Each structure stands twice: as C-alpha cells, then as structure tokens.
1. In region 202-238, what count of residues is obtained for those that are surrounded by 13 or more Cβ atoms within 10 Å (Cβ to Cβ), in a helix (DSSP H, G or I) and under 21 Å from the mean Cα position of the chain (by Cα)?
2. Within region 306-321, is even one residue under 26 Å from the mean Cα position of the chain (by Cα) and over 26 Å from residue 3 (Cα atoms)?
3. Of these, 101, 97, 42, which one is surrounded by fewer than 17 Cβ atoms within 10 Å (Cβ to Cβ), assigned to a strand (DSSP E or B), of a type outside the set (A, V, I, L, M, F, W, C) and not assigned by TED's automatic domain parsing to the domain that holds residue 191?
4. Taking the stated definitions as given, is residue 131 hydrophobic (A, V, I, L, M, F, W, C), part of a helix (DSSP H, G or I) and either crowded, with 21+ Cβ neighbours inside 10 Å or out of contact with any strand residue (DSSP E or B) (no Cβ under 7 Å at 6 or more places or on another chain) (or both)?
5. Show me the helices (runs of 4 or more DSSP H) found entirely inside region 239-344 where at least 3 residues are assigned by TED's automatic domain parsing to the domain that holds residue 152 and at positive phi.
6. Could you tell me how many of the residues in region 219-241 are touching a residue at least 24 places away in the same chain (Cβ under 8 Å) and over 22 Å from residue 264 (Cβ atoms)?
7. If you go through region 262-274 one residue at a time, do you hit one that is more than 20 Å from residue 150 (Cα to Cα), among the basic types (Lys, Arg) and at pLDDT 90 or above?
8. Could you say which residue among 300, 327 is within 25 Å of residue 2 (Cα to Cα) and touching a strand residue (DSSP E or B) at 6+ places or on another chain (Cβ under 8 Å)?
Amino acid sequence: MKLTIDELREKVTELESHKGRHTELISVYIPAGYDVNSVQRQLEAEKSTAKNIKSTTTRNNVTEALEKIVRYLKGLKKTPENGLVLFAGNVSKVEGQMDLQLWDIEPPQVLKNRMYRCDKEFVLEPLRVMLEVSEIFGLLVMDRKEATIGMLEGKRIEVLQKMTSGVPSKVRAGGQSSQRFHRITEGLTKEFYKRISEEMKKIFFEMPKLKGILVGGPIPTKDEFLDGEYLPTKLQEKVIGRIDIGDSDESGLKELVEKSRDLLAGQEIVREKKILENFFENLGEKPELTFYKESDVRKALQYGAVETLILSKSFDKQTMKEFSDMAENIGSNIEIVSTETTEGEQFNNLSGVGAILRFKVR
C-alpha cells in the first residue's frame, strides 16, 4: 500500500536506527514501471557473488537477506504504481543472533532511482529527498539561441526540455541589408519565444503541485520574453523571480536555483503564514466552523466534516499520524506547519492542531 509522507517519515526514522556490523544490510530501489523479474535475476546473480565473502557470518547474513528479497519478489506480479523500495538484513542488537527483517515500501511519489546496495546501513537518501518535496518549481533558462526547461522537486533538478531557436549569429550573410537581417532575426526570436511558451504550457499548466516559476537569462532576453507576455496568464502569475545568469543549458538551471535560494525559502514561509492567517481569521469570524481543541478536531474528523486539517510539526507524533490517516480517508487537505514563524509558534501554543470545517458539527 502506498505510504503517506508522514508514514514514510516514520519508516525512514526506523530504518536509520539499524546499523550492520559489516556490509550486510541490503537496499533495493525499483523505479516505477521497471520489470520485477529483471531485478529478481540481478539479485540471484548477487547471491552467487556473495559466496566470495570471506567472513562466514557476513556471507550467511547477506545470502539470507538476498533470499528473503527474492522470495518477496517472486510473489509480486508487477512493480507498484510509484515503484518499490526493499530493505533487508540482520538487525539483531546481539552479536551472533539472527533477527532477519524485510521492509517493503511503496513511496508516496514516483520513484525514479534504480539501485542495489549492500552496506553497513540502509541507503535512505532518495526517500529523504521525497520527504522534503512539498512543492515543485518550474525553471526556465534562456537566451536568443537556446532554452532549457526544468523542474525543481525538493533538492533535485530535472531537465525536461531543451530547445534551440535557429536565430543566425550577428555575422550576416553577404549582401544582406542590416534592416532585412534585423527583421529576420526578430521574427525568428518571436517564434522561438512562442515555442518556449507552448512547451511551458504543456509541461506546467495542469501541474497541481506547481508553486512558482523561476526564469533566468541575460538581461534583455528574459525580460523581453516575460514583458512580452508570451506565457499564458496562469503561468505568468506564477513567475516569482527573474534572475540574471549567463548560461542557458543544464548548468544554467543549477545556477538559477542557487541564486534563488533565499527567494525559495521565503516562498514556503509566506505560504505557511497565509495558511495560519486564514485559520486565525476563520477562528475569529466563524468559530463554529473552526476547531482547535484536540477532542473537537477528532469529533469533526469522525463526522467527515474537516475541509482542512492543520498540524504543527511539534504536535504529538502518534496523534498526528492518527489524525492524518482520518483526514486522508475523508479527502481533507492536510497542512503541516513549522514553529519558525510568529504564526506557527502562536498556533503551536494554542494547541498545535486545528481544523476548518465543511459543515457544522454539534
């Protein structure tokens, strides 16, 4: 079953606590759509390689962990929708004793990593990155010659599209007048801007997690593109920054993100402040539809009345998981807020939990 972000966070914390005495803890990442049988064959081959391990204890632990994963995969018809992560190994705290465990995780987001690793600890970094992803930012770096469209998802930058314009260089072909050459290049440039806009629309227009767009490039080009309103209004309104950079390729995307760090951090704070300002405003104006006592929130969840559930990161973890599960089952929006803003601290001091209701609960 697909895990929620909070469930994944708990699993990662649990897996972090296990350390192997030698390189005997196995991590297997199977990306979405990847053939399970192919992974099974690879692990069968790894069993043969494990026979070369000198230490008898380590060899046995690795072999048994591999066998446990292979048995699991044999019972699987296909890779789950979002991919699959498997961890297995002897996690006994007592040397010489066997406590062979297997964890199977279908992550809340599509897994793109493929990996097999045998180490002293489980490989958890790809899952940690998922825990950081609450939003996606569109990226565009461009000049008159080329453009690269990308996406920032957590800490991961992904290139989505590369484009070239066909605009000739400033050296003119013999016999061309300056004015005619200028008309040609301007026409090609405008066509290029329209093509960029079409690609941006295809990729980002219906993306629900898109929180903002960053555009980078030389001063005249990016400003011409944005000020010319080539982007659809919905995307134009999502532009949160235009950054001066020189490169319009993959390295330009990295530079764009690096130069926007403060801007991106501020976006999350602004969003969190808006959520809580809305909650406190509702609490003042519509107290009958805004709950903050734990018992009242629980009752509202049981009645299916919660439109938005808000939880502080400092709230009791067990109750947080329980409430999140209940909210997910009734299709509520779930917002996790920090205590790093004045509003967040105020909310945590109030109770650390709140609900905006769909209808009154008596």
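1. Here the count works out to 3.
2. Filtering region 306-321 down to residues under 26 Å from the mean Cα position of the chain (by Cα) leaves 306-321.
Then keep just the ones that are over 26 Å from residue 3 (Cα atoms); that gives none.
No: region 306-321 contains no residue that is under 26 Å from the mean Cα position of the chain (by Cα) and over 26 Å from residue 3 (Cα atoms).
3. Exactly one of 101, 97, 42 is surrounded by fewer than 17 Cβ atoms within 10 Å (Cβ to Cβ), assigned to a strand (DSSP E or B), of a type outside the set (A, V, I, L, M, F, W, C) and not assigned by TED's automatic domain parsing to the domain that holds residue 191, namely 101.
4. It is true that residue 131 is hydrophobic (A, V, I, L, M, F, W, C), part of a helix (DSSP H, G or I) and either crowded, with 21+ Cβ neighbours inside 10 Å or out of contact with any strand residue (DSSP E or B) (no Cβ under 7 Å at 6 or more places or on another chain) (or both).
5. Per the criteria, no element qualifies.
6. Selection size over region 219-241: 5.
7. no
8. Exactly one residue qualifies, and that residue is 327.
The values are calculated or read from the model by the stated rules, or taken from the named source; none is laboratory data. Since this is a predicted model, take the numbers as computed values, not measurements. When we count neighbours, we look across all protein chains shown, and the Cβ atoms used for this are built from the backbone with ideal geometry, even at glycine.
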